[in-house]
Every structure is written in structure tokens, then in C-alpha cells.
Amino acid sequence: MLDNFQILVAAPVFNVQLLLNGVLVGAVFALAAYGLALVWGVTNVKNLAQGDFVMLGGYLGYELAKHGIHPLVTVIPVAVLMYAFGWIVYKLVISRVIQRELFTSLLATFGLAIVMQQSMNLIFGPEVRTAESGFNTRELFDGLVTVTDIRMISFVLCGVLALVLVLFMKRSRMGQAIRATAQDARAARVMGVDTERVYAFTFSLNAAICGVAGVLISMIWVLQPFYGIAYSVRAFVIVTAAGLGNLPGVIVMALGLGAIEQYSGFVLGAQFQQATVVGLLVLVLVWRRLLLQRHRQALQ
Amino acid sequence: MQQSFQGNAVARALVFGAALGVATLAGTSAYAKVEGDKIILGSAISITGKYSQEGKNARDGYDLAVKMVNDQGGVTVGGKAYKLEVKYYDDESTPARTAQLLERLINQDGIKYVLGPYSSGTTKAAAPVTEKYKIPMVEAEGASRSLFTQGYRYMFAALSTSEQYLSSAIDLAAEVAEKNGKKAGDVKVAMAFENDPFSLDVRAGVLDQMKKYGMKAVIDDKLPRDLSDMTATMTKIKALKPDMLVVSGHTKGATTATRQLNEMNIAVPLVAFTHCESADLVEKFKKGAEDILCPTQWAETLSYKDPVFGTAIQYNTLFLKTYKDYETVPYQAAQGSAAVLIWADAFKRAQSFDTEKLRDTLAATDLDTFYGHIKFGPAGNNISKPMVLRQIQDGKYNVVAPSKWASHKLVYPRAAK
């Protein structure tokens, strides 16, 4: 462990490699996390199937790419398909639990996650899949640092998508309705906002965002029906740490999380890469609680 | 789901009990160890369930060997020629069922000679039963190291055990180092193994072999079950420049490692992964899969041979001719056939049907087969057949080590792809 740490001190160039790998993939985590925060903030449903939406998007892209479409281009049809899928799931499941207590919606989305995993296992099979972008790898610092074009492209794509989403939320009628519903659903209803439509739209939009993240993941990492959970956990860590309705926070946390995973994998070993994420969640929760306590004391 | 499973088990037990009652009443428990001119072997094996395909491969291997042995006059014991026959039950790929059905084979059907099930898990369930009744079992489909640490006396395995999977890769690294004028002890090894029983077995074997040569592990990462990123490990490889990389993490490990090794332009002189074939590395990565070393139990290009099947390639041809639904011969089938050859050889040498005598004869097996040489260690594992290493060369798997069986030369060092 100490040896690995010494490498980073002696040859700082490897820090660049770790940071690049972490931050570039962190952008994809940010997408899934933003979707989670959106649904959480607007409908108060904590979607435990978030990671499985990512996997499904990846598989749809993979299947479409088999028909000669470049995997990167499949983000568009996948986003449309996932939007439709999200809408169906909303009508079938989410709309029925949205007004219920927290535990009911948690159970419902947990069940949804299991059904999705098993269905993907039946349809696409348990084998690991990857989509080939066919893009090049760039070398920096005499080849000591490498960065793949697909990671750069997906980073930029995530940035553009985030920007579009921010503008959409700020400027469009629907965006305003979503924000109003998130602030106070009852007041929004009184003002004539069709909150039911807002809920359905938000959930479907989230599914579409996850779909895009999934397509990018299929070109950077691998797909497997049961790997969704890792993305769900990451999304929860990011949103919990950043707080709801805090897009800059989500982005910073996601990029940071990507980098932290890389560092813990490097210094502690791959076995701690994900343990660090979960450990981080515990730390964040403890820290939040302490803050909250201090806040309460101040009120008293 | 748990509930229905239990309900199912209860129903099965009832049916089983009823069948047992009827069978006893009617006195139809006809099967015995030897009937007329037939020697009956028994096996509870996966016909349905998650291992149905592998189970079928194994059964086809058993059946082909039985047919060949019988066609060539069968097995002569005490001057009389006997034909072999196998009685199968479907263990539904569940260990509990395997144990139950073996009890039935032994107690009810009177089977005295057992062929193993498919998979380490079911073999683990079968062994205590055969031990209890002191019935010898020749198995060919359970490779887990833990099978051979229990002190079983009546179990014999045709295949190489899981800790051998990558240890021949370490031998190869030592060989290459010495050929290049370096000491084997100077070889730096990077290891990444998944945290599951199979991969940890493989790791234990690698560590043992490294200790033998005095090699050093510069990286020893354990991959979590659902890890899909190895870039941190790869960055370490870049920094530490090991002479060899060994990875065992099922298809995901092989896929992720191949992709990221190539993406990060890393050149490691020797790279060895398990599960190359099942991960479809050649199809997925084309050129990127070149020069990777992959262990295998058996390859049709090996120069092993025996009097029943001839050479490995002849076995290959015969199998594909007999079973039209295969494109290549699965190694499970070859192993299965070898297990039957071991039984046939034991009967011939023992000249007896006595299980104790057969056990001792099996323990002293020293047999050449198309599948490799068979000789059992004290734990019942085959200690004389090495795992073979194949290297992906121009999209084909060519045997490169051990050098005695090599059909092609090792491409060394592996360049960045």
C-alpha cells in the first residue's frame, strides 16, 4: 500500500493518468446521478433501479449497434426508447406508489430492479458484453499517460447534455412546471400545473438520461445484467453528498468520486475500489448528521 | 420463490417416497453392479437446470467412450467380455439432488461404480455419499481444489485441478527468463484475481509456483464480483512494468483486462487469462486479443493418444461425426470420455468386480489416453496431466506450452496492441 503511494510521489505523471481516467468516467456517473436527483426531488421516489436503467440503455445500444449503426449514434434511438420505457414503468408502477409512504416506493423500485435484472438476463444472456467505438487512444507524456477518444467524447457529450438540461429547466414551460412541482406540488396544482404529467415526464426523462449513460458505459466499460447495482450505489452516494437540486454539486461529486475510485484502486488495490464508494457514503451521512445537529442546536 | 422451492422439494420427496414404496413392493429393483454381460455404471448428472448444456457435453463424452469400448469388444474380466452401460439420473444441476440421486443409485439400483456429475458444486455433494458407501467414483468435471483436501479415498479425477490453471504460465515465464539469460527469481508478476472460490484456487496455485522459483508479486489485486473497471490496476502495471500479467476473473475479467490493456497501450511481455474462449476474446477484440495466453484442460492438437480412440485429433473427428449438433468438441466431453477409459482400464487390471479391489486398482492407474496421461495423487487428483497453455495467434488458439506438447512457437514479448 505504501509502495503504491510512493510511486505516485516519485512519478507524479501517474496522478495525471488516474485523474483523467477518473474524471472522464465520472462524467457518466454524473448523468445517472442527475437523473436520480431529478426524480427524487420532483416525485420523492428514490429509484433503486437507477443502475438497471443504465444497463438496459447499454444493452439497447449494443443490440442496435449490431445492425450496423455506430454505437455512439445509438444514443439517440436509445434515449427515445428509454423515454418510452420510463413512461410505461411510470404508468404501471411509479404512479401507484408516488403518494404512498417512502417504504412502499422503495420496495416497488427494488422489485423493479430485480425484475429488470432477471429479464435482461433472460433476453440478453449472462455473458459480459462490450460495444466497440473503434476510436483511437491518445498518448501524452511520452506514452506514460493514455486517454481514449471515446472517454473524451463521452465527457463532452455529458457536458453538453447537462447544459441542455439546465437550459431546459430554466427556460421551457415544462422545466418551469417541473421546478414548481418540486418546490410545492400542491401549490403547483392550484396554479394549474398538471402535476401527474410532470411526474410522468420527469421519470421518463430520467430513463432517457440513464439510457444515454448506459450507451457510453457499454463503450468504456462492460455490460452485464447484474452490474446495475454498482451504478445505483454510485448515484446514491453522489446525490446524498451533493444534495438535491444542486447540479454543480452533483457534477463535482461525480467527477470527484470517479477520481477517488481510481486512487483507492491504485493505492489500496482493486478490492477496495468499490468499498471506498460505500465507505464514503457512510462518512457523508455521518457528516450530514453532525451538521444537522449543530443546526438544531443553533435553533434552540 | 424460496417457499415454492421448498414446496417443490416436499412434493418431490413424496413422489420419491411413493416410487420407492412401489418399487420395493413390485421387486423391480433390477439394476445391480453387473448384470449378465453388462457392467453398469451410474451417474447423477445435469440434464436440466443451469448446467444442462455442460451436462449434455459430459454425457455425450461418457456415451461415446462407452460405445467405443463396447464396439472394440468391451471389457474382459475373468475371461468373459462385458459391455459397459451407464444409468443416468437428472440432478437438475442442484447439489442436494445429486446427493439424493446417488443414494438412490447405490441403495436402490445397486450401482457399485460411479461416474461423476458436472460441476465442482455437485461433485462436492456427491463425494460424501460415495465415501459413505465405499463406492469408487471417477469424476471428470469437478476441478475445485477443495474437492481434494477432504481426504476422500474413493474419488478419482481425470482433469487438472483449478489451482493448476495458470501455474503452467508461471513455469513458462521461468523458462523464458532463463532462455533470455535472466534468473527465474527476477521475474516480476502482476496478479489480478476475482474474489471467488475458483479464481482464488487459481491464485493459490500461481502463488505456490511463484514461491518455487522465488518470483515476486509486484501487484496482487483482488477484483470484486461486479467490478467493471481495471484502469487503476492497469496504471500500476504501467508504473511497475511487470514481466508477466495473470488474470482470472471469469469472462468479465478477461474482457475488461484485454480491453483496458489495449486502450492504455500497455506492453507486458507475457499475458495469461483464464476464460479467453468463453469471453470470445478473438471475436470481441480481433487484433487486440493477439498473443494472450489461455490455459485449457485439453486441445485436439495435442499429441496424446490411446488404443481406443487413437490420437486427440482422431477423437475430435469421431466426436464431431457422431454428434452433429456440435461445431467444436467441448473439453467437458473429452474429460467425460477419459473417465470411462479409466473405468475400463481399472476393470481390466483388477480382473474383479470387488469395489475395494477396484478402488486400489484405480489408485494405481498409470494410463495414457487421448486426453492426456492419467496418474492419481494420494488425494485422487490427476497429477500427471499438465494444463496446456494456448496462445492466440492470428485469431487461432495454438498450443505453446508446456514445450513437450507445443505445436507452435511462443510469440514473445507481447507488444502493446
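Can you work out ³J(HN,Hα) from phi for every residue in the stretch A:165-171, in order, using Karplus 6.51 cos²θ - 1.76 cosθ + 1.60 and θ = phi - 60°, giving whole Hz and x for Gly and Pro?
5, 4, 4, 4, 5, 7, 9
Run the dipole for the stretch A:2-299 about the Cα centre, Lys and Arg Cβ at +1, Asp and Glu Cβ at -1, nothing else charged, and hand back the magnitude in debye, nearest 20.
Details: 20 positive and 13 negative charges, 260 e Å.
Dipole of the stretch A:2-299, to the nearest 20 debye: 1240 debye.
When A:His70, B:His250, B:His373, A:His295 are ordered from fewest to most other Cβ atoms inside 10 Å of their Cβ, what list results? Spell out each step's value before the answer.
Numbers: A:His70 13, B:His250 19, B:His373 16, A:His295 9.
Starting with the residue having the fewest Cβ neighbours, the order is A:His295, A:His70, B:His373, B:His250.
Search the structure for amide H atoms under 5 Å from the amide H of B:Gln393, placed 1.01 Å from N in the peptide plane, and list their residues when 5 or more places away or on another chain.
B:Asp291, B:Asn398
In terms of the ratio Rg/(2.2 N^0.38 Å) built on C-alpha atoms, what value belongs to the stretch A:20-95? Intermediate results must be reported in sequence, preceding the final value.
Working: Rg = 13.8 Å, N = 76, 2.2 N^0.38 = 11.4 Å.
Rounded to two decimals, the normalised Rg is 1.21.
Of A:Leu280, A:Leu167, A:Leu255, which is the most mobile in a GNM of chain A whose springs link Cα atoms less than 10 angstrom apart?
Ranking A:Leu280, A:Leu167, A:Leu255 by mean-square fluctuation puts A:Leu167 first.
Lys and Arg at +1, Asp and Glu at -1: add these up for the other residues within a Cβ distance under 9 Å of B:Ser162 and post the number.
Values: positive: B:Arg145; negative: B:Glu163, B:Asp201.
Residues close to B:Ser162 contribute a combined charge of -1.
Under 8 Å for C-alpha pairs, at least 6 residues apart: give me the relative contact order for chain A, rounded to a whole percent. Mind dumping the intermediate values first?
Details: 438 pairs, mean separation 116.7, N = 300.
So the answer I get is 39 percent.
Which one of A:Val97, A:Val28, A:Val39 has the biggest mean-square fluctuation once chain A is modelled by GNM with Cα springs under 10 Å?
A:Val97
What is the mean number of Cβ atoms from other protein chains located within 10 Å of the Cβ atom of each residue in peptide B:259-271, rounded to a whole number?
Numbers: counts 6, 4, 0, 2, 10, 9, 6, 2, 1, 0, 0, 0, 0.
Other-chain Cβ atoms within 10 Å of each residue's Cβ, averaged: 3.
Find the all-direction average of the projected area of the Cα convex hull for chain B, expressing the result in square nanometres with one decimal place. List each step's numbers first, then the result.
Details: hull surface 84.9 nm².
Average of the hull's projected areas for chain B equals 21.2 nm².
Residues with beta-carbon under 11 Å from that of A:Glu196, excluding A:Glu196: net charge, scoring Lys, Arg +1 and Asp, Glu -1? Working shown, then result.
Working: positive: A:Lys91, A:Arg189, A:Arg197; negative: A:Asp194.
Spelling it out: positives minus negatives among the neighbours equals +2.
Largest first and in whole Å, give the semi-axes of the stretch B:162-263's equivalent ellipsoid, each being the square root of 5 times a Cα gyration tensor eigenvalue. If you can, show how the numbers build up before the last one.
Details: eigenvalues 100, 53, 21 Å².
After diagonalising the Cα gyration tensor, the semi-axes are 22, 16, 10 Å.
Can you give the Rg to Rh ratio for the stretch B:34-130, taking only C-alpha atoms and Rh from Kirkwood?
That ratio equals 1.01.
Got the relative contact order for chain B handy, in percent, Cα pairs under 8 Å and 6 or more residues apart? Let's see the in-between values first.
Working: 842 pairs, mean separation 71.5, N = 417.
Dividing the mean separation by the residue count of chain B yields 17 percent.
Can you compute 3J(HN,Hα) from phi for each residue in the stretch B:344-358, using the Karplus curve 6.51 cos²θ - 1.76 cosθ + 1.60 with θ = phi - 60°, rounded to whole Hz and x for Gly and Pro?
Per-residue couplings from phi come out as 4, 5, 5, 4, 4, 6, 6, 6, 7, 10, 6, 5, 5, 5, 5 Hz.
Using per-residue counts of other Cβ atoms within 10 Å, averaged over each peptide, order B:143-155, B:341-353, B:56-68 from highest down.
For the peptides B:143-155, B:341-353, B:56-68, the packing ranking is B:56-68, B:341-353, B:143-155.
In square nanometres, what is the average projected area of the Cα convex hull of the stretch A:2-299?
Numbers: hull surface 71.7 nm².
Averaging across all directions leaves 17.9 nm² for the Cα convex hull.
Quick one: work out Rg over Rh on the C-alpha atoms of the protein assembly as shown, Rh as Kirkwood radius.
Working: Rg = 29.5 Å, Rh = 28.4 Å.
Checking Rg against Rh, the ratio lands at 1.04.
With springs only between Cα atoms under 10 Å apart, run a GNM on chain A and tell me which of A:Asp142, A:Asp194, A:Asp52 wobbles the most.
The residue that fluctuates most here is A:Asp142.
For the stretch A:77-153, what is the convex hull (Cα atoms) projected area averaged across all directions, in square nanometres? All intermediate terms of the calculation are to be shown ahead of the outcome.
Details: hull surface 34.2 nm².
The Cα convex hull of the stretch A:77-153, projected and averaged over all directions, gives 8.6 nm².
Considering amide H positions built from the backbone, and no H for Pro or chain starts, which residues 5 or more places from B:Lys87, or on another chain, come under 5 Å of its amide H?
HN-HN under 5 Å from B:Lys87: B:Leu41, B:Gly42, B:Ser43.
Given H placed on each backbone N at 1.01 Å, which residues far from B:Lys38 in sequence or on other chains put an amide H within less than 5 Å of it?
When sequence neighbours closer than 5 places are left aside, the close amide H contacts are B:Lys83.
Report the net charge of residues surrounding B:Gly78, where surrounding means a beta-carbon distance below 13 angstrom and charges are Lys +1, Arg +1, Asp -1, Glu -1. Don't skip to the answer; put the middle values down first.
Working: positive: B:Lys80, B:Lys348, B:Arg349, B:Lys357; negative: B:Asp37, B:Asp354.
In short, +2.
Step through the residues of the stretch A:102-107 one at a time and calculate ³J(HN,Hα) from phi using the Karplus curve (6.51 cos²θ - 1.76 cosθ + 1.60, θ = phi - 60°), rounding each to whole Hz and writing x for Gly and Pro.
Going residue by residue, I get 3, 4, 4, 6, 4, 4 Hz, with x marking Gly and Pro.
For the stretch A:241-293, what percent of Cα pairs sit more than 19 Å apart?
Numbers: 481 of 1378 pairs.
Of the Cα pairs, 35 percent sit more than 19 Å apart.
Just so you know, all these numbers are worked out from the coordinates, no wet-lab data involved. Just so it is clear, the structure is predicted and the values come from calculations on it, not from any experiment. Note: ideal-geometry Cβ built from the backbone for every residue, glycine included; neighbour counts use all protein chains shown.
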